[in-house]
1. So, restricting to helices (runs of 4 or more DSSP H) that lie completely within segment 1-102, which ones have at least 1 residues that are modelled with pLDDT under 75 and surrounded by 14 or more Cβ atoms within 10 Å (Cβ to Cβ)?
2. Checking residue 107 against (1) within 17 Å of residue 25 (Cβ to Cβ); (2) surrounded by fewer than 19 Cβ atoms within 10 Å (Cβ to Cβ): exactly one of these is not met. Which one?
3. Tell me, please, whether a residue that is touching a residue at least 12 places away in the same chain (Cβ under 8 Å), outside any loop (DSSP other than H, G, I, E, B), crowded, with 18+ Cβ neighbours inside 10 Å and in contact with a helix residue (DSSP H, G or I) (Cβ under 7 Å, 6 or more places away or on another chain) can be found in segment 147-161.
């Protein structure tokens, strides 16, 4: 519930402004939703304490990352992939470490939830589906940003990982 809060509050603040959108990103959203459905498929098995502890570390970090990312995006944040006419390239806060920190936080929430709820082979399937969906979204959003910000974005893209730290 805490992870969703910054987005719910931001939707209410979202204003209608001229924008360029990328409908293809919806496929990625759909796959991410399927991944959460898979991850939340309950399988009754005992959970090793290590998985529960890992979940207790990953999920609060993911919540914190989502809140910070939305705050740094400010008026740039939107539900659907797109750019406003006055869009700025945000590189502060978590965007200095990851180009898509909200997706990183969503991956953390997926993994943390699945570690508590389901069996590890199902977790692996869910993560693979999630990564495919996220890659679709990242590529579409990076294309939009590249078309708007050109070489500045290309340099940012080359120096900052997409959504998994240390993975370019």
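The values are calculated or read from the model by the stated rules, or taken from the named source; none is laboratory data. Predicted model only: the values in this text are computed from it and were never measured. Because the Cβ atoms are built from the backbone with ideal geometry, glycine has one as well, and the counts that use them run over all protein chains shown.
1. Of the helices (runs of 4 or more DSSP H) lying wholly inside segment 1-102, those with at least 1 residues that are modelled with pLDDT under 75 and surrounded by 14 or more Cβ atoms within 10 Å (Cβ to Cβ) span 5-13.
2. Just one mismatch for residue 107, condition (2).
3. Checking segment 147-161: at least one residue is touching a residue at least 12 places away in the same chain (Cβ under 8 Å), outside any loop (DSSP other than H, G, I, E, B), crowded, with 18+ Cβ neighbours inside 10 Å and in contact with a helix residue (DSSP H, G or I) (Cβ under 7 Å, 6 or more places away or on another chain).
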